[in-house]
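Below you'll find the structure, written out as structure tokens, and then a few comments.
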Amino acid sequence: MIAKVVFNLGVEKEFDYFSPEVNLVGKRVLVELNKKKLVGVVIKEAKKTNVKNIKEIRVVLDEAGPTLSREQLRFVYMLKRYYPYGLGELTFIMIPSLLRSSKRLNIESKIVKKRSVSRRKKECIFFKEPNPYCRLEIYRKKIASALKNGSVIFCVPTSSHLKIVYKDLEKKFSSKIALLYSQQKRKEFFSEWLKIKEGKKLILGTRIAIFYFPEDLELVILDEEISPFYFHPEKPFYRVSEVAYLLCQMKKIDLILGGDFPSLEIFKMVKEGKIKLVDKKKKNTFSSWKILEAKDIISKRHSLKVNPLIIEILRKTGEEGKNVAIFYPRRGFSLYLRCANCGYLYFCPKRCAPLRYSQEKNELVCPFCGYREKAPSSCRRCSSSYLKPEGVGMERISFYFKRFFPQFKTSLERKDFLLVTYSNLDTSFWWENSFFCSLVLNPHLLLSLLDFEATFRLYIYLNRIRYLTREEVIVFRQFSHHYLWESLDKNWLDFYKKELHLRKKAKLPPFIYLAKLTLRAKDKDILLRKAEKICKILKKNDKLEVFGPLKEYPFNKLNKFYYSIVIKSARRKVIFEEIKKIFSLFRRGTTKLAVIIR
Ligand SMILES: [Zn+2]
Ligand SMILES: [Zn+2]
């Protein structure tokens, strides 16, 4: 028998080996390739081969059942149509890392495959519900009923979400749970993976869990579908919601996506009739918006000018014994530290950006690479002790307010008063710490970014703040003509439709495909030459729009220089074919490549 074997290499093709044994499909084997011993997976069997002097398989590592089911291999072929990877790379995503070595395995899957008896039409739902605990309640019911017939995959965005969800589901399904996440120890991952082979399991994990599906899979749940953690930017990149959708199509099973808001990609699929939207909270039961056209905080020379209205709100709610949350987008005490005598500006030694100053921790931090050093007491250049913090960070605001209200505590436990940066709002498992009133300061700092998703992201942020606020969200805005503000008072569907319409008009995702290739190298000139060469190659394809090479911001960080090239096409295949070609130019050499696809 001839076995077609693939390896975890960037190569497209399969290799032929001879084996006296049959029924090897899905099994791991140890073979010789270019005089090296390698672990491969048999993906097909054939009777004939064109290869002369064919080598024999040395060891069949899976002594009983195969590591991969035939269905998983079928899924590999399906994914290959959507992503620019070789069969080998895709196959190995589905193998626990402990089994990517020559470890022998002697297990048989206990799953009995049976014909589906249910005639019910399979559903694909987006379940819109801002309260994560309400979502869990719905999921629990669905999981319980699906586990009667088979297994369930339940994905959450991060391992901190996993802890919370596990704690909740453990009470009901403890013996059924198999936990899979990326930072897990290899042995632990492997022993959890073994449980899946017993059948009727609840596979709970982060994005990688989706690839370890058993044959008796009945249901896939993806919570907080909009989370950026569901997209893997380094090679191999994939979008989990898309992988889950394809999987459920192939297996003809239910898919439940959930979250406070859907991503625009999913919303587009709702409009196309591919996904059903379930939004029970039609009535508006949340806190109200109060949008003020006013400056909130300005720094003038040495002092901070705060709008007296803010002080008044804090005083009033404080007197009533209620809590306030203040949302501000910048961390640290000041954005820069400069010598008032000679003008010396403290800069990251890796040349990324000026260092941010934190008074609380008495240190300087690089906002890009995380480099930190102890805050100096005198100027490095002229020894003057007059070092001036410039710009306003959260610490400085906190410092200012504490002078007015020394009785306030800025901790989550006391709930009197809380300062939060927008970036801390990623997770929605905050529900229990809700606020009476929220103040949103400087939101325009996020709007003015050169990013086509900035408006959409700010809309989601503001609404999350609103979900966590009982009474009123007060927003200080400065660009009154932006369409975001008028959308806040309307139904969320209006904003989504408007955003989708604008994206279509501007030819942006999710209507076209966009990839950003970022090149990095230590030598500026070599990098630019390489970037220009790649642009030239890309521009030969007339189905592709090419922008660049553009200097990244910051151009220089972590001792490397950065150029990016953006490519755009209405067809995904065009983008992926080009990326595949470009990847092959980066196997060797000092210039490195990262890709983000939208
Ligand atoms: Zn100086
Ligand atoms: Zn840095």
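The values are calculated or read from the model by the stated rules, or taken from the named source; none is laboratory data. The structure displayed is predicted, hence computed values, not measured ones. Every residue, glycine as well, gets a Cβ built from its backbone with ideal geometry; the counts of neighbours run over all protein chains shown.
Odds and ends about this structure:
- Close Cβ contacts (under 8 Å, 6 or more residues apart or on different chains) running from residues in segment 341-352 that are free of Cβ contacts under 8 Å to residues at least 60 places away in the same chain and over 10 Å from Leu387 (Cβ atoms) to residues that are near ligand 2 (Cβ under 7 Å from one of its atoms) and in a loop (DSSP other than H, G, I, E, B) comprise Phe347/Ala353; Pro349/Tyr371.
- Test: residue in segment 178-186 that is in the same structural domain as Leu247 (by TED's automatic domain parsing), over 26 Å from the mean Cα position of the chain (by Cα) and not β-branched (Val, Ile, Thr): no
- Highlighted here are the helices (runs of 4 or more DSSP H) found entirely within segment 45-150 that include at least 1 residues which are aromatic (Phe, Trp, Tyr) and not assigned by TED's automatic domain parsing to the domain that holds Lys200: 70-80, 87-93.
- Residues within segment 203-251 that are among the polar types (S, T, N, Q) and over 20 Å from Tyr166 (Cβ atoms), tallied: 2
- Some residue of segment 391-400 being in a loop (DSSP other than H, G, I, E, B), within 16 Å of ligand 1 (Cβ to nearest atom) and under 39 Å from the mean Cα position of the chain (by Cα): no
- Only a single criterion out of (1) exposed (fewer than 15 other Cβ atoms within 10 Å of the Cβ); (2) part of a helix (DSSP H, G or I) is not satisfied by Thr590, namely (2).
- Options Leu335, Leu364: the member that is within 16 Å of ligand 2 (Cβ to nearest atom) and over 26 Å from Leu458 (Cα atoms): Leu364
- If you go through segment 169-197 and keep only what is surrounded by fewer than 16 Cβ atoms within 10 Å (Cβ to Cβ) and either under 20 Å from Arg140 (Cα atoms) or not hydroxyl-bearing (Ser, Thr, Tyr) (or both), you end up with Glu170, Lys171, Lys172, Ser174, Ser175, Gln183, Lys185, Arg186, Lys187, Glu188, Leu194.
- Test: residue in segment 79-97 that is over 28 Å from Val595 (Cβ atoms) and among the charged types (D, E, K, R): no
- Conditions (1) of a type outside the set (Lys, Arg); (2) within 20 Å of Leu246 (Cα to Cα); (3) modelled with pLDDT of 90 or more: number failed by Tyr85: (3)
- Residue count, segment 555-572 (criterion: modelled with pLDDT under 85, surrounded by fewer than 15 Cβ atoms within 10 Å (Cβ to Cβ) and not in a strand (DSSP E or B)): 1
- Residues of segment 186-206 classified as assigned to a helix (DSSP H, G or I) and closer than 23 Å to Ser145 by Cβ, total: 2
- Filtered by the rule that a residue be away from ligand 2 (no atom under 16 Å from the Cβ) and either aromatic (Phe, Trp, Tyr) or assigned by TED's automatic domain parsing to the domain that holds Ile298 (or both), segment 338-361 gives a lone residue, Tyr344.
- Of all residue pairs spaced 6 or more apart or on separate chains, those with beta-carbon atoms under 6 Å, a first member in segment 372-389 that is among the charged types (D, E, K, R) and a second member that is within 10 Å of ligand 1 (Cβ to nearest atom) and part of a loop (DSSP other than H, G, I, E, B) are Arg381/Cys342; Arg381/Tyr344; Lys388/Ala340.
- Residues (at pLDDT below 95 and buried (at least 23 other Cβ atoms within 10 Å of the Cβ)) located in segment 202-213: Arg207
- Residues of segment 363-389 that turn out to be away from ligand 1 (no atom under 14 Å from the Cβ) and either farther than 10 Å from Gly332 by Cα or at pLDDT below 90 (or both), as a count: 11
- Lone unmet requirement of (1) within 15 Å of ligand 1 (Cβ to nearest atom); (2) surrounded by 16 or more Cβ atoms within 10 Å (Cβ to Cβ) for Gly332: (1)
- Of all residues making up segment 128-159, the number that are closer than 11 Å to Leu204 by Cα, of a type in the set (Ser, Thr, Tyr) and at pLDDT 95 or above: 1
- Residue in segment 44-57 that is nearest to the chain's Cα centre (by Cα), counting only those that are closer than 12 Å to Ala3 by Cβ and either loosely packed, with under 10 Cβ neighbours inside 10 Å or not acidic (Asp, Glu) (or both): Lys44
Residues are listed down the side, and each one gets a yes or a no for (1) in a loop (DSSP other than H, G, I, E, B); (2) at pLDDT below 90; (3) surrounded by fewer than 19 Cβ atoms within 10 Å (Cβ to Cβ):
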position: Arg466; (1), (2), (3): no, yes, no
position: Ser480; (1), (2), (3): yes, yes, yes
position: Leu484; (1), (2), (3): no, yes, no
position: Leu493; (1), (2), (3): no, no, yes
position: Lys504; (1), (2), (3): no, no, yes
position: Ala515; (1), (2), (3): no, yes, no
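- Matching residues, segment 338-362, being closer than 24 Å to Leu446 by Cβ and within 16 Å of ligand 1 (Cβ to nearest atom): Pro354, Leu355, Tyr357
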